[in-house]
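The values are calculated or read from the model by the stated rules, or taken from the named source; none is laboratory data. Note that this is a predicted model, so its numbers are computed, not measured. In this analysis, Cβ positions are derived from the backbone assuming ideal geometry, glycine residues included, and neighbour counts consider all displayed protein chains. All accessible areas refer to the heavy atoms of the entire protein, side chains included, with ligands and DNA or RNA removed. Shrake-Rupley method; radii C 1.70, N 1.55, O 1.52, S 1.80 Å.
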Amino acid sequence: MTTTEHHSPEVDPRLVAADARSILACPASVSLVIEGEEHAVGEDEQLGLTDHRGTPTFLCPADSPVARAGAAHSSALLTVTSGLGPRGGPERQHTLTLAGRLERTGYEHCECCDEVRHVVSLDLNFVLLARPERQLRVSLDEFRSRVHHLNRGHLQRSVEHANDCHQEELRQAIGLGTGTRPADVVGVRIARLSPADVKIQWVDSTGAHEQVIAFARTARDLTELGDMLRRGLHAGLC
């Protein structure tokens, strides 16, 4: 039997909100049910979901159902399954449900396809975190708190993006910082990333290496985290 809890002594609303925000920032799958639309909209339909300071935000083509719903201020229900932790891990069983009203909040020009995309936000009135055998209502004030602007979901996605998409830049940083020819750097990975430091591991012709690099200051948001990471790799490896 699944129960829904609001605030009990053993449930810390801040921790529940932190988990919920992390799932929003690191989804495994996304589904959006829009008032007046017959079918749910999925991630394969270019939802472009991001966590913008606690507000689910979509970047979508102008002719998409989400853009139309944003212009009409339609109600919507967003379901996000957790991408936190390793595949098959216990957190992958968690689900986030968010309800509210869609509204168009801007435009972005895509340089890749020369297309103008609509920015649509979901103005929330309800958030529910579902774990196995337990459902937790999430405080909207806690969910939107700036404390969660750089949550572990953002950190996990940043590590995955760096390791998957910026391998060449990481190898160049190792080469320049350690005086090793980039061609001799077999592989590099960020093993851990926090707002205060990064652990980087690499293999070169001399063997396996690991180093923890402390940032000059603690990052407060994603933009600062990227800047601290670039500066940290340059200064910490030299």
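Taking the criterion of being open to solvent by 30 Å² or more (accessible area, probe 1.4 Å) and at pLDDT 90 or above, would at least one residue in the stretch 115-122 satisfy it? Talk me through it step by step, then tell me what you get.
Taking the stretch 115-122 and keeping what is open to solvent by 30 Å² or more (accessible area, probe 1.4 Å), we get 115-117.
Within this subset, residues satisfying the condition of being at pLDDT 90 or above are none.
No: zero hits.
Just give me the residues in the stretch 166-188 being open to solvent by 40 Å² or more (accessible area, probe 1.4 Å) and either touching a Pro at 6+ places or on another chain (Cβ under 7 Å) or closer than 26 Å to H148 by Cβ (or both), in sequence order.
First, pick out the residues of the stretch 166-188 that are open to solvent by 40 Å² or more (accessible area, probe 1.4 Å): 166-169, 171-172, 176, 178-179, 181-184, 186.
Once the filter is applied, which keeps residues that are open to solvent by 40 Å² or more (accessible area, probe 1.4 Å) and either touching a Pro at 6+ places or on another chain (Cβ under 7 Å) or closer than 26 Å to H148 by Cβ (or both), the stretch 166-188 yields H166, R171, Q172.
Identify all residues within the stretch 123-162 that are closer than 24 Å to L102 by Cβ, among the hydrophobic types (A, V, I, L, M, F, W, C) and open to solvent by 50 Å² or more (accessible area, probe 1.4 Å); write none if there are none.
F126
Looking only at residues that are surrounded by fewer than 15 Cβ atoms within 10 Å (Cβ to Cβ) and of a type outside the set (K, R) in the stretch 226-238, which one is farthest from S145 (Cα to Cα)?
C238
Are any of the residues in the stretch 83-91 assigned to a loop (DSSP other than H, G, I, E, B), of a type in the set (A, V, I, L, M, F, W, C) and more than 20 Å from V16 (Cα to Cα)? Please lay out each step first, then the result.
Keep residues of the stretch 83-91 that are assigned to a loop (DSSP other than H, G, I, E, B), which gives 83-89.
Okay, now just the ones that are also of a type in the set (A, V, I, L, M, F, W, C), so 84.
From the residues that got through so far, the ones that are more than 20 Å from V16 (Cα to Cα) too are none.
Checking the stretch 83-91: not a single residue is assigned to a loop (DSSP other than H, G, I, E, B), of a type in the set (A, V, I, L, M, F, W, C) and more than 20 Å from V16 (Cα to Cα).
State which residue is nearest to the chain's Cα centre (by Cα) when the search covers only the stretch 17-49 and only residues that are under 21 Å from Y107 (Cβ atoms) and surrounded by 16 or more Cβ atoms within 10 Å (Cβ to Cβ).
That would be L49.
How about the stretch 50-63: which of its residues are open to solvent by less than 10 Å² (accessible area, probe 1.4 Å) and more than 16 Å from the chain's Cα centre (by Cα)? Can you show your working first?
Quick first cut of the stretch 50-63, residues open to solvent by less than 10 Å² (accessible area, probe 1.4 Å) only: 54, 56, 58, 60.
Scanning the stretch 50-63 gives a single hit, C60.
Out of everything in the stretch 203-225 that is in a strand (DSSP E or B) and open to solvent by less than 20 Å² (accessible area, probe 1.4 Å), what residue ends up being nearest to R53 (Cα to Cα)?
Checking each candidate, the answer is I213.
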